[in-house]
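Reading through the structure tokens given below for one structure.
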Amino acid sequence: MVPSPCAPWFYRLRGARAKLKSLQVAIPRPARDWLVAFDLEDTLYPEESWIRSGYAAIEGGLKRLYGADGFAAKAWSWYKVGERERALAKTLEEMGLPHDRPALEFVERLYVSHTPQIQIYPDVLPALETLHMRAAVAIVTDGPPTLQRRKIDALKIDHFIHRVVFTEEWGIEFRKPHARGFQELQDWMGLPAHKCMYVGDDPARDFAGPRKLGWHVLRIRRRDGVHAAVEIPDSLGMIGYCRDFTNFKEFVMFQDPEAQMM
């Protein structure tokens, strides 16, 4: 998910793309007969942990600048009552700190540029350890590429991931549910659609793109997920789901080369 409070400022910082695993660079293709791609937030790690990590980074900056404590807890309280878009400004105002545009840009900069203190869900590592030996494993993620790369680096899962598609390398119009990121992966692997699968959590963004291409899709519906309460739209039809990846192998079958994944 795009970090909405900081998007206007961050999109002026696209010069760092050369440091990414760019979509424009030829990436070695693993010798695998299947492709399984994942969403990032609330699929591999809890999105709210990154938000809280960002609030803590802002608190550290404000403490150094103003000697002010308590930003993280106050901002989290605003977030939890549905004020995600305005949590930063409301917290600055509540604390009696400057909250004009320059002040907001300062805290937004702290928010998006900090080193995330996040971890994968406990059930993710065993699933990736098994899966990456049997399938090409990828991530398809929206959001500013440098920011998303920083999250992936913090999760320490690079050695299990064969390819990361940052949809906004092409522009924000190619965010999910646009199918381009999924088509890129399928073309890269040279596989038919029935040997491709996408796993995500957000009914509004994650499934229309791969479904359009004929992929298998699986919803991860974690109890703490931001979109856990959102139902699948009727237009997408039936989509299987799991609560975690403890029994992920039950959803992905590699024994029979002609087998369907679902």
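The values are calculated or read from the model by the stated rules, or taken from the named source; none is laboratory data. This is a predicted model, so every value here is computed, not measured. As a convention, Cβ positions derive from the backbone with ideal geometry for all residues, glycine included, and neighbour counts pool all protein chains shown.
Scanning the stretch 70-111 for residues that are more than 17 Å from Ala57 (Cα to Cα) and either in contact with a Gly (Cβ under 8 Å, 6 or more places away or on another chain) or among the acidic types (Asp, Glu) (or both) yields Glu83, Glu85, Glu93, Glu94, Asp100. Based on what the data block shows, is Arg134 in contact with a Gly (Cβ under 9 Å, 6 or more places away or on another chain), closer than 30 Å to Gln186 by Cβ and modelled with pLDDT under 95? No.
From Gly70, Gly143, Gly54, which residue is small (Gly, Ala, Ser), exposed (fewer than 15 other Cβ atoms within 10 Å of the Cβ) and touching a helix residue (DSSP H, G or I) at 6+ places or on another chain (Cβ under 8 Å)? Testing whether each residue is small (Gly, Ala, Ser), exposed (fewer than 15 other Cβ atoms within 10 Å of the Cβ) and touching a helix residue (DSSP H, G or I) at 6+ places or on another chain (Cβ under 8 Å) leaves just Gly70.
Within this structure, Trp78 passes the test of being closer than 19 Å to Val226 by Cβ and aromatic (Phe, Trp, Tyr). Is it true that some residue in the stretch 88-111 is surrounded by fewer than 18 Cβ atoms within 10 Å (Cβ to Cβ), more than 29 Å from Arg180 (Cα to Cα) and assigned by TED's automatic domain parsing to the domain that holds Asp206? For the stretch 88-111, residues surrounded by fewer than 18 Cβ atoms within 10 Å (Cβ to Cβ), more than 29 Å from Arg180 (Cα to Cα) and assigned by TED's automatic domain parsing to the domain that holds Asp206: absent. On inspection, His178 does not qualify as in a helix (DSSP H, G or I) and of a type outside the set (A, V, I, L, M).
Is it true that some residue in the stretch 168-183 is closer than 23 Å to Thr115 by Cβ, modelled with pLDDT of 95 or more, of a type outside the set (Gly, Ala, Ser) and touching a Lys or Arg at 6+ places or on another chain (Cβ under 9 Å)? Within the stretch 168-183, one or more residues are closer than 23 Å to Thr115 by Cβ, modelled with pLDDT of 95 or more, of a type outside the set (Gly, Ala, Ser) and touching a Lys or Arg at 6+ places or on another chain (Cβ under 9 Å). Within the stretch 121-155, being assigned to a loop (DSSP other than H, G, I, E, B), without any contact (Cβ under 8 Å) to a residue 12 or more places away in the chain and over 21 Å from Arg222 (Cα atoms) holds for one residue alone: Met133.
Scanning the stretch 78-114 for residues that are of a type in the set (S, T, N, Q) and not in a helix (DSSP H, G or I) yields a total of 0.
Of all residues in the stretch 8-50, count the ones that are at pLDDT below 90 and either farther than 30 Å from Pro122 by Cα or among the hydroxyl-bearing types (Ser, Thr, Tyr) (or both). Residues flagged as at pLDDT below 90 and either farther than 30 Å from Pro122 by Cα or among the hydroxyl-bearing types (Ser, Thr, Tyr) (or both) within the stretch 8-50 amount to 15. For the stretch 45-77, a tally of residues being assigned to a helix (DSSP H, G or I) and either free of Cβ contacts under 8 Å to residues at least 60 places away in the same chain or under 11 Å from Val107 (Cβ atoms) (or both) returns 21.
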